1. With the cut-off at 1.5 for a/c, could you classify segment 281-425 from its C-alpha gyration tensor as rounded, prolate or oblate?
2. Quick check: from the Cα gyration tensor, does the chain come out rounded (a/c under 1.5), prolate or oblate?
3. Let me check I've understood the local charge: for G63, count other residues with C-beta under 13 angstrom from its C-beta, Lys and Arg +1, Asp and Glu -1. What total comes out?
4. For segment 1-123, state the semi-axes of the equivalent ellipsoid (square roots of 5 times the eigenvalues of the alpha-carbon gyration tensor), sorted largest first and rounded to whole angstrom.
5. At 222 nm, what helix-only mean residue ellipticity would the chain give, in deg cm²/dmol to the nearest 500, using -39500 (n - 2.57) for each DSSP H run of four or more?
6. Keeping every protein chain in place, order M158, M189 by accessible area at 1.4 Å, biggest value first, i.e. largest first.
7. Separation of segment 102-134 and segment 193-207 by C-alpha centroid, Å?
8. Give me the percent relative contact order of the chain, please, defined on Cα pairs under 8 angstrom at least 6 residues apart.
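The values are calculated or read from the model by the stated rules, or taken from the named source; none is laboratory data. These numbers come from a predicted model, not from an experiment. Quick reminder, even Gly has a Cβ in these numbers, built from the backbone with ideal geometry, and neighbours come from all protein chains shown. Surface areas here come from the heavy atoms of the whole protein model, side chains and all, with no ligands, DNA or RNA. Shrake-Rupley method; radii C 1.70, N 1.55, O 1.52, S 1.80 Å.
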Amino acid sequence: MKILVIGSGGREHALAWKLKESKRTEKLYAIPGNPGMAAIAECVPQISPTDNTAVVAFAKEKGIDLVVVGPEAPLAGGLVDALAAGGIKAFGPAKLAAEIEGSKAFSKDLMKKYGIPTAKYEVFSDAAAARAYVKAEGAPIVVKADGLAAGKGVVVAMTEAEALAAIDEIMEGEAFGKAGSRVVIEEFMEGEEASLLAFTDGKTIRPMVSSQDHKRAYDGDQGPNTGGMGAYAPAPVAPPALVAEVQRTVLEPTIRAMEQEGRLYKGCLYAGLMVTAEGAKVVEFNCRFGDPETEVVLPLLKGDLVEIMLACVDGSLAEVEIPWSKGAAVTVVLAAGGYPKAYEKGAEITGLAEAEAEGCLVFHAGTAAKDGIIVTAGGRVLNIVAEAADIKSAVEKAYRGVDRVHFKDAFCRRDIAHRALERMK
Ligand code: AMP
Ligand code: GLY
């Protein structure tokens with residue numbers, strides 16, 4: 001089969017790597033792809049992943065049998081619908097289903113209507129009413145911009161003043177544009193977070209192994225929020241018994257709810273969970289694989305990803321086996337100095353083969369090829385991934401790989417998986 005991956009990050013490199021393993025894969029393409037993906041896929045940087053017309057034309061011209069869409073923007077922009085209209089199979093939710101991520105107000109209303117556990121909330125399009133609600137509820141409280149704000153539209157306010165300032169910034173500032181015209185104000189949930197990705201064909205939903213990412217830039221969960229500085233799987237905070245509970249209380253009801261709402265959801269559903277004293281509650285849904293969670297979840301998948309994805313598209317997921325490794329995987333993100341604020345690009349990267357020689361997988365996130373060398377081209381530059389029998393061995397192996405890789409001003413967190421390791425003490 002000819003398979004096209006849409007996207008250019010570490011998540012898409014991991015997807016391409018796993019798809020490549022399948023006996024059914026003859027040829028891989030990527031739009032736009034990255035230099036790491038270029039080793040296994042033909043990359044097509046001229047086409048934009050959100051140019052539906054151009055992507056459909058490319059898929060037709062090359063006779064693509066399956067398109068796998070990584071990021072949320074093309075999903076929210078209806079790429080899967082456009083491909084389906086052109087007779088091309090695509091893994092990922094259609095535009096209406098992708099709203100589960102694109103609109104927090106939609107997903108919160110859905111959870112309320114169908115009794116899916118989540119934080120209590122109200123949606124406001126009027127700043128004065130939002131302020132009054134915050135004053136009535138008190139802090140801590142959480143203020144979120146409604147639309148896609150690249151993870152930056154959430155303020156966990158420990159004081160009332162912080163919450164009021166967040167409302168002003170989101171609703172009256174310029175930074176959020178349309179995404180800031182409505183705010184969701186939520187009850188603060190206390191607990192530890194976990195991510196649960198699931199494959200679904202719209203009727204059957206099957207969880208992957210649980211995982212946990214590390215959103216803050218620095219060790220000890222300090223510093224600004226980032227796109228994710230590392231991850232590990234499985235997450236001891238979400239053991240199989242909890243995953244089974246979430247399957248019953250969250251995943252199955254959500255898939256049925258989406259079908260009832262006329263938004264049949266196919267693809268990967270990402271449930272961001274808070275494991276609280278009262279059980280697991282949904283923090284957010286994403287309409288795609290997580291990044292960097294995918295980089296640790298897919299190495300543990302021992303089944304055929306092409307077969308699983310085709311079953312999701314065709315509605316036959318109940319018939320497919322999805323075996324998982326009993327081991328663990330860890331990814332450490334190597335970032336450019338300054339990230340998530342301003343950082344330099346163009347620094348030469350060395351030691352990639354040496355990291356692989358340590359037994360690690362290297363997934364590219366923000367790199368470019370220039371005059372035959374690999375240089376930095378983004379804030380999150382590389383994922384160094386290790387699989388081992390347990391988390392502790394995977395952490396040690398991942399950092400052995402990390403220590404082989406060098407570029408100017410590189411930094412990473414040194415405490416990836418610390419919560420898992422603390423639980424094991
Ligand atoms: P979101 O973009 O909705 O995933 O929110 C980003 C981060 O804010 C989450 O990963 C949590 O760490 C935190 N957060 C969001 N909502 C809540 C909540 N209701 N209670 C506590 N923390 C939250
Ligand atoms: N790792 C968080 C996300 O993919 O949204």
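1. Working: a/c = 1.78, a/b = 1.47, b/c = 1.21.
Since a/c reaches 1.5 and a/b is larger than b/c, the shape of segment 281-425 is classed as prolate.
2. On the way: a/c = 1.39, a/b = 1.19, b/c = 1.17.
Rounded shape, in that the Cα axes give a/c under 1.5.
3. Details: positive: K2, K27, K60, K62, K89; negative: E26, E61, D65.
Once all neighbours under 13 Å are counted, the net charge is +2.
4. Values: eigenvalues 182, 49, 33 Å².
Here the semi-axes work out to 30, 16, 13 Å.
5. Working: 15 runs with 137 residues, N = 425.
-9000 deg cm²/dmol, from helical runs alone.
6. Details: M158 105, M189 15 Å².
So, going from the largest accessible area down, we get M158, M189.
7. 23 Å
8. Numbers: 1012 pairs, mean separation 67.3, N = 425.
After rounding, I find 16 percent.
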